[in-house]
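What follows is one structure encoded as structure tokens, with my remarks underneath.
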Amino acid sequence: MNTIGIIPARLQSVRFPKKILADLHGKPIIQHVWEKAIQAKSLSKVIIAVDDDSVFNICTAFGAECIMTNPMLVSGTDRIYQAYTSVDSSTDYIVNIQGDEPFINPSIIDELVYSMQITQCDICTPIVRIVNQEELYNSSIVKVVVDADYNALYFSRAAIPFIRDIPSNEWISHAHYYKHVGIYCYTHKALEQFVHLPIGILEQVEKLEQLRMLENHYTIHCCVIDEQIGFGIDNPLDLEKARLLIQ
């Protein structure tokens, strides 16, 4: 199977502009992500999909293959698709690797691709067991409920499932809660179809684009991982935390 990894690198992030170029132990964040991604054994190549000349120049300087994309694209998935259409059309799977995850474990990418191959689903994505109350009620952490085959039933910023007749501070000891890790492996067909689907009501209210697939009857298989996943850089406080961690 021919599988490529694409890292969408938007310069002007809404919450933390230019974060992908922020210094982390002498390297920009995007370089840390790329260096992790190229260690994944399942990927035949890794491409950074950029939207700015300065990012293009910095990334090519440290050795990355880059593709320039339209800065007006709405989402990272749209950027992934535009980059994908510029490379070899024989690609079987495309892995969307977030550009603000400098601690991503390459083995997670490999596990995701393997799971994609054996399940033959449209999309595969990792999930991790939630073990503390802070994560469960943090709306920035996306939760997911799955069926008996670990296919996603719903993604939400709310704590799901709701447990009736049990105080909310005890929920975590009465059910399995999972958080979503924002990495996706698509079939080329699913990716192409996804970007042409209209945005649905659920995606609009939750601001979660994966709900577009569920609303249109696509299968998203969730791969439960046990590895430490690190964390994404969403704001300057996360960056300071990362700098302390990497020392």
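The values are calculated or read from the model by the stated rules, or taken from the named source; none is laboratory data. These figures come from a predicted structure and were not determined experimentally. Here the Cβ is made from the backbone with ideal geometry for all residues, glycine too, and neighbour counts use every protein chain on show.
Key figures
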read-out: Considering residues of the stretch 1-54 that are in contact with a helix residue (DSSP H, G or I) (Cβ under 9 Å, 6 or more places away or on another chain) and among the acidic types (D, E) only, the residue nearest to I94 (Cα to Cα); value: D51
read-out: Subset of the stretch 73-91 (residues that are within 20 Å of the chain's Cα centre (by Cα) and surrounded by fewer than 17 Cβ atoms within 10 Å (Cβ to Cβ)); value: V74, S75, T85
read-out: The stretch 195-208 residues that are in contact (Cβ under 8 Å) with a residue 60 or more places away in the chain, paired with ones that are in a loop (DSSP other than H, G, I, E, B) and not β-branched (V, I, T) (beta carbon under 8 Å, 6 or more apart); value: L208/R157
read-out: From D165, D238, residue being assigned to a loop (DSSP other than H, G, I, E, B), out of contact with any helix residue (DSSP H, G or I) (no Cβ under 7 Å at 6 or more places or on another chain) and acidic (D, E); value: D165
read-out: Residue in the stretch 183-194 that is assigned by TED's automatic domain parsing to the domain that holds H221, out of contact with any strand residue (DSSP E or B) (no Cβ under 7 Å at 6 or more places or on another chain) and in a loop (DSSP other than H, G, I, E, B) present; value: no
read-out: Whichever residue in the stretch 154-188 is out of contact with any Phe, Trp or Tyr (no Cβ under 9 Å at 6 or more places or on another chain) and touching a residue at least 60 places away in the same chain (Cβ under 8 Å) and, among such residues, is farthest from F231 (Cα to Cα); value: Y154
read-out: Residue match in the stretch 177-184 (condition: under 24 Å from S90 (Cβ atoms), buried (at least 16 other Cβ atoms within 10 Å of the Cβ) and not hydroxyl-bearing (S, T, Y)); value: yes
read-out: Strands (runs of 3 or more DSSP E) lying entirely in the stretch 1-112 (those with 1 or more residues that are among the polar types (S, T, N, Q)); value: 3-9, 93-96
read-out: Which listed residue, of L211, L197, is closer than 22 Å to D78 by Cα, assigned to a helix (DSSP H, G or I) and of a type in the set (A, V, I, L, M, F, W, C); value: L211
read-out: Test: residue in the stretch 66-79 that is out of contact with any helix residue (DSSP H, G or I) (no Cβ under 7 Å at 6 or more places or on another chain) and more than 24 Å from Y93 (Cβ to Cβ); value: yes
read-out: Selection status of T60, farther than 25 Å from H217 by Cα and polar (S, T, N, Q); value: yes
read-out: Selection from the stretch 1-49 of residues that are of a type in the set (S, T, N, Q), buried (at least 17 other Cβ atoms within 10 Å of the Cβ) and closer than 16 Å to E65 by Cα; value: T3, Q31
